[in-house]
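Any read-out appearing in this document is the output of simple, stated calculations on the displayed coordinates, not a laboratory observation. Quick caveat, the model's predicted, so the values are computed rather than measured. Here Cβ is always computed from backbone atoms with ideal geometry, including for glycine, and neighbour counts include all displayed protein chains.
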Amino acid sequence: MSRPFPLAGLLRLRTLTEDRAASELALARRDQARAEQRARDTAERLSGATLPSGDDMLAFRAAIAGRAALGSLLTERRIEVATAETVSDERAETWSEARQQVRALERLEERHQEAERLEESRAEQKVLDEIAGRRASDAGSQNGSEG
């Protein structure tokens, strides 16, 4: 009978930690994509904002103010993108570290399972050798008593 992997509980815990880190990474990447989309939308609005034609000073000032507001908003959106990228990078690093810890334990588990298989094979071979030895002994004693 094989022994269970002694670090199985720790492996389960580390796997849960990795799963949580992967989930947080996915959320961070989704937030980053949304921030990037908002920045692109704001940049398009800014590039599409035109100045009015004609001599209407009030419309001209309003257009300039609108473009300035969009410019400020675009700056804020770019800061949001940079922040989201930083968070995504941090989450990716956290997930990578968690994955490495899980992988190390998985390798130990594989070695444990291989050692268990080897031990079971040795025990089985020992039993088979004993059976073969008994049969040979029994056959030898039967041949010796007949002759």
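Compute the length gained on full extension between Glu116 and Ala26: take 0.36 nm times their separation in residues and subtract their Cα-Cα distance, giving the result in nm to one decimal.
Values: separation 90, 0.36 × 90 = 32.40 nm, distance 3.78 nm.
Gain on stretching Glu116 to Ala26: 28.6 nm.
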Could you give the dipole magnitude of the chain about its Cα centre, charging the beta-carbon of Lys and Arg +1 and that of Asp and Glu -1, in debye to the nearest 20? 460 debye
Mind jotting down the distance between the C-alpha centroids of segment 68-109 and segment 15-63, whole Å? 18 Å
Treating the angle as unsigned and between 0 and 90°, give the value, to the nearest 10°, between the Cα long axis of helix 57-146 and the longest Cα principal axis of the chain. 0 degrees
For the chain, build the charge dipole from Cβ charges (+1 Lys, Arg; -1 Asp, Glu) around the Cα centre, then report which of Val81, Leu70, Gln113 sits farthest towards its positive end. Leu70
Restricting attention to the alpha-carbon atoms of segment 8-112, what are Rg (one decimal) and Dmax (integer), both in Å? 23.5, 84
Taking the simple approach of a point 7 Å from Cα along Cα-to-Cβ for both Arg107 and Ala8, what is their distance in nm? 2.3 nm
Quick one: compute the contact order of the chain, relative version, from alpha carbon pairs under 8 angstrom and 6+ residues apart, as a percent. 40 percent
Ranked by how many other beta carbons lie within 10 Å on average, peptides 4-10, 31-37 from highest: 31-37, 4-10
Compute the signed sum of charges (Lys and Arg +1, Asp and Glu -1) over the other residues within less than 14 Å, Cβ to Cβ, of Ser47. +2
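Taking 0.36 nm per intervening residue step and subtracting the Cα-Cα distance, what contour gain separates Val127 from Glu44 on full extension? The partial results should precede the final answer.
Details: separation 83, 0.36 × 83 = 29.88 nm, distance 7.88 nm.
Between Val127 and Glu44, full extension yields an extra 22.0 nm.
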Specify the angular offset, from 0 to 90 degrees and rounded to the nearest 10, of the alpha carbon long axis of helix 8-48 from the longest principal axis of the alpha carbons in the chain. 20 degrees
